[in-house]
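The values are calculated or read from the model by the stated rules, or taken from the named source; none is laboratory data. Everything numeric here is computed off the predicted structure, so don't read it as measured data. Remember, those area values only see protein heavy atoms, side chains included, never the ligands or the DNA or RNA. Shrake-Rupley method; radii C 1.70, N 1.55, O 1.52, S 1.80 Å.
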Amino acid sequence: MGLEAWYMDSFDEDQRKPHRLNPNQSVSLDELKKLGVYYWKLNADVYETDPELERIRKEQAYSYMDIITIQKDTLPNYEEKLKMFFEEHLHLDDEIRYILDGQAYFDVRDKEDRWIRIAMRKGDLITLPAGIYHRFTLDETNYTKAMRLFVGEPVWKAYNRPADDFDIRQKYVASLQGS
């Protein structure tokens, strides 16, 4: 199964639920690409020796990699971290995540500022462009194991919305004008 994405309802309940509109409004990979979001489907069972992952890392210059397991038993300050990940924010660099096990959601804003929910499953690798407003949460399984990739040394700083004055945000918004 390929990547699945949809427009979200405006919810007040559990962030880990799917929150699809009724009727569902799917979002295609092409629509995500217009927002600067890119996707690959890889074989997570062989991530340590996967030539496809190596090719992507080389082409994109992803020189740094680490692995994070997000579940209550293994992540220190679990509740605090989940709350922080779900706060709407942007980064000055691309965010690259590869799901090695489990499931999670990335939510991104479209050009009209509507939320799109992207369901991430084992084998999904995604890049979110610098300057895009987004957030992250687990789904109802409460577990994911992800590889974090970076160009050069990792930068963990997130800038919560509003962050429209940042050059990277203005460059990102300008890049959407042609799409």
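Before moving on, here are some points about what is shown:
- Only protein heavy atoms count here; on that basis, with a 1.4 Å probe, T74 has an accessible area of about 70 Å².
- Computed with a 1.4 Å probe over protein heavy atoms only, the accessible surface of segment 29-172 comes to 52 Å² per residue.
- Ordered from highest to lowest accessible area with the whole protein assembly present and a 1.4 Å probe, Y39, Y64 read as Y64, Y39.
- MRE, 222 nm, helices only [DSSP H, n ≥ 4, -39500 (n - 2.57), over the chain, to nearest 500]: -5500 deg cm²/dmol
- Normalised by 2.2 N^0.38 Å, with N the number of residues, the alpha-carbon radius of gyration of the chain equals 0.99.
- Portion, in percent, of the accessible area of segment 1-92 that falls on carbon or sulfur, probe 1.4 Å: 49 percent
- Amide H contacts of D94: A130, each under 5 Å away and 5 or more positions distant or on a separate chain (H built 1.01 Å from N in the peptide plane; Pro and chain starts excluded).
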